[in-house]
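Trainee: Have a look at this one.
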Amino acid sequence: MNSYDVAVIGSGPGGYVAAIRCAQLGMKTAIIEKYSTLGGTCLNVGCIPSKALLDSSHHYEDAIKHFEEHGIDIPGDIKVNLKQMIARKQSVVDQTTGGIDFLMKKNKIDVYEGLGSFKDATHIIIAEKETTEIEAKNTIIATGSKPSTLPFIEIDKERVITSTEALKLTEIPKHLIVIGGGVIGLELGQVYKRLGAEVSVIEYMDRIVPTMDAGVSKELNKVLKKQKFKMNPSHKVKSVERKGDEVIVKADNKKGEEVTFTGDYCLVSVGRRPYTDGLNAEAAGVKLNDRGQVEVNEHLQTSAPNIYAIGDVIKGAMLAHKAEEEGVFVAETLAGQKPHIDYNLIPGVVYTWPEVAAVGKTEDQLKDAGVDYKVGQFPMRALGRSRASMDLDGFVKVLADKTTDEILGVHMVGARAADMIAEAVVAMEYRASAEDISRMSHAHPTFTEAIKEAALAATDDRALHI
Ligand SMILES: Cc1cc2nc3c(=O)[nH]c(=O)nc-3n(C[C@H](O)[C@H](O)[C@H](O)COP(=O)(O)OP(=O)(O)OC[C@H]3O[C@@H](n4cnc5c(N)ncnc54)[C@H](O)[C@@H]3O)c2cc1C
């Protein structure tokens, strides 16, 4: 039987990064993955394929809506070749997952394909064509998550679908009903909206992306409505029925009236659930909480002292970069180091266009905590860069402590916000004040000037270009 210092169960961004860091720190490491490709949800059916389709559909939208104004005439009709678009997405996925195979080899990590189940706290059985057993001094559970649904919805994977199927449709929906106005629903909704579908978003809460800053959520809602999304906040879905090629969704609106939506596809994007099926966690003494998450302490250690858990399967934001940080954290803990994660500084991003990105506290969180704060906000449309690229929607908002001027949160809607948020993360990691940012030179013309201007507005209400 092969013996390891560390076995990692699950090869998503949490698991494979944990395995690399363990190997870098000199531990003999194995990784177990039940699917034939490495990379987990993120690389196979999550972050990477969704961004590939967002990019392709963005090009198409630019071509049909904006090329003419830019002075680019295309003779003949511009058409979508969905088969090719999905094939390109798959080739991006294949290249990316292939890269993880390379990294495993490079770092001398043994890869086992098959479902990993605990026999006890130090032995794992891997069931594939043949059953293999390995021994591990320490194990990191990184088994991730699966799409969740509502109890009365039957996902048939054809017309009533999750994000996984939405990434490989064979036709463009005529009317896509999206249940859930969170990140995944809005991103995939926008892919098909751009390709010509009518898209209706049904959200239970009174606003989309409800965990983000209310101002950001309002702005995104406004922009999506301008893009002709049909937004239905405060609607409680009560039935989803498939009739042939039609899907009929019934919901109660705020007044308690029944509203019926009829479409040809329904994307159920109501969140994700932690995944521990087949893991046999009890055999190792690993406890789950009542939400099905693996219970961990501040060291990400489970109720079994030699077993740790990271990523979507534990509490916290279900984000690839959060899982990665936790993978490194556990590897360094096992090596006797004292790593640290500041969960307040894990950025959140929505890759719609305009993009949405945020880090730190929202206004509501600051109000609830009784923090005296000030706000500096700057509209993207006041930037030369925005006019040059015709990306006028959105703003940057900097929230800073009223007394110390320390930046407490940065929230933005706008072109390239996903990349711009890194500046705010660095600033907050070093506990910068709004004035610090406002005194740094930002290249002109760039979208990042909006961060400087919002910081100036927060410092002394002295933005320069508005
Ligand atoms: C459509 C979509 C878009 C997304 N976009 C983004 C984004 O842009 N940015 C972002 O940060 N996050 C995004 N996410 C979320 C992101 O994918 C997850 O947060 C991330 O993948 C979690 O990583 P993980 O390592 O915890 O688990 P996962 O990536 O879920 O990986 C877990 C792996 O464990 C394997 N496994 C499970 N049980 C066993 C077992 N018993 N034995 C062996 N293997 C097992 C699974 O097969 C899987 O491969 C997106 C998700 C979706 C669905």
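Trainee: Using the Karplus curve 6.51 cos²θ - 1.76 cosθ + 1.60 with θ = phi - 60°, what ³J(HN,Hα) values do you get for each residue of segment 140-148, in whole Hz, with x for Gly and Pro?
Mentor: So the Karplus estimates, Gly and Pro as x, are 10, 7, 9, 8, x, 8, 10, x, 9 Hz.
Trainee: Would you please state which residues of segment 167-184 a label at residue 64 would reach in this model, taking the label point 7 Å out along Cα→Cβ and a backbone N cut-off of under 18 Å?
Mentor: 169-177
Trainee: Given a 1.4 Å probe and the protein chains all in place, what does the accessible area of residue 245 round to, in Å² to the nearest 10?
Mentor: Spelled out: residue 245, probe radius 1.4 Å, area about 100 Å².
Trainee: Across 10 Å bins from the origin, how do the percents of Cα pairs in segment 160-270 run, short distances first?
Mentor: 15, 50, 31, 4, 0
Trainee: Then there's this: With a point put 7 Å past each Cα toward its Cβ, work out how far residue 87 is from residue 344 in nm, to one decimal.
Mentor: 5.1 nm
Trainee: Still on this structure, I have one more. Would you mind computing Rg(Cα) / (2.2 N^0.38 Å) for the chain, counting N as its residues?
Mentor: Taking N as the residue count of the chain, the ratio is 1.03.
Trainee: So, one more: Check which residues have an amide H placed less than 5 Å from residue 3's amide H, if you skip close sequence neighbours.
Mentor: Correct list: 135.
Trainee: Moving to a separate point now. In Å², and per residue, what accessible area does the chain have when probed at 1.4 Å with the other protein chains present?
Mentor: 47 Å²
Trainee: With runs of 4+ DSSP H residues as the only contributors, calculate the mean residue ellipticity of the chain at 222 nm using -39,500 (n - 2.57) per run, divided by the residue total and rounded to the nearest 500.
Mentor: -9500 deg cm²/dmol
Trainee: What does DSSP give for the chain in terms of the percent of beta bridges that are antiparallel, rounded to the nearest 5?
Mentor: Of those bridges, close to 60 percent are antiparallel.
Trainee: What percent antiparallel are the DSSP beta bridges of segment 196-309, to the nearest 5?
Mentor: Antiparallel: roughly 85 percent of the beta bridges in segment 196-309.
Trainee: Right, another one. Show me 111-122, 390-401 ranked by packing, highest mean number of other Cβ atoms within 10 Å first.
Mentor: The densest-packed peptide leads the list: 390-401, 111-122.
Trainee: Quick one: with all protein chains in place, what share of the accessible area of the chain is carbon or sulfur, to the nearest percent (1.4 Å probe)?
Mentor: Percent of accessible area from carbon and sulfur atoms in the chain: 50.
Trainee: Using only the Cα atoms of segment 36-108, build the gyration tensor, take square roots of its eigenvalues as a ≥ b ≥ c, and label the shape rounded, prolate or oblate: rounded if a/c is under 1.5, else prolate if a/b is larger than b/c, else oblate.
Mentor: Note, shape of segment 36-108 comes out prolate.
Trainee: Further question on the same structure: How much length is gained if the chain between residue 102 and residue 239 is pulled fully straight, taking 0.36 nm per residue apart and subtracting their Cα-Cα distance, in nm to one decimal?
Mentor: 44.7 nm
Trainee: Still on this model: Specify, per residue and in Å³, the volume enclosed by the convex hull of the alpha carbon atoms belonging to segment 104-213.
Mentor: Dividing the Cα hull volume of segment 104-213 by its residues yields 231 Å³.
Trainee: Of 225/367; 119/287; 28/137; 367/402; 230/250, which pairs sit farther than 18 Å apart, going by alpha carbon to alpha carbon?
Mentor: Correct reply: 225/367.
Trainee: Would you mind checking the pairs 51/218; 129/322; 236/397; 228/255; 79/228 and listing those with alpha carbons more than 29 angstrom apart?
Mentor: 129/322; 236/397
The values are calculated or read from the model by the stated rules, or taken from the named source; none is laboratory data. Every value quoted in this text rests on a predicted model; they were computed, and no experiment measured them. Positions of Cβ are generated from backbone atoms using ideal geometry, with glycine treated the same way; all protein chains shown enter the neighbour counts. To get the accessible areas, we keep the full protein, side chains included, count just its heavy atoms, and leave off ligands, DNA and RNA. Shrake-Rupley method; radii C 1.70, N 1.55, O 1.52, S 1.80 Å.
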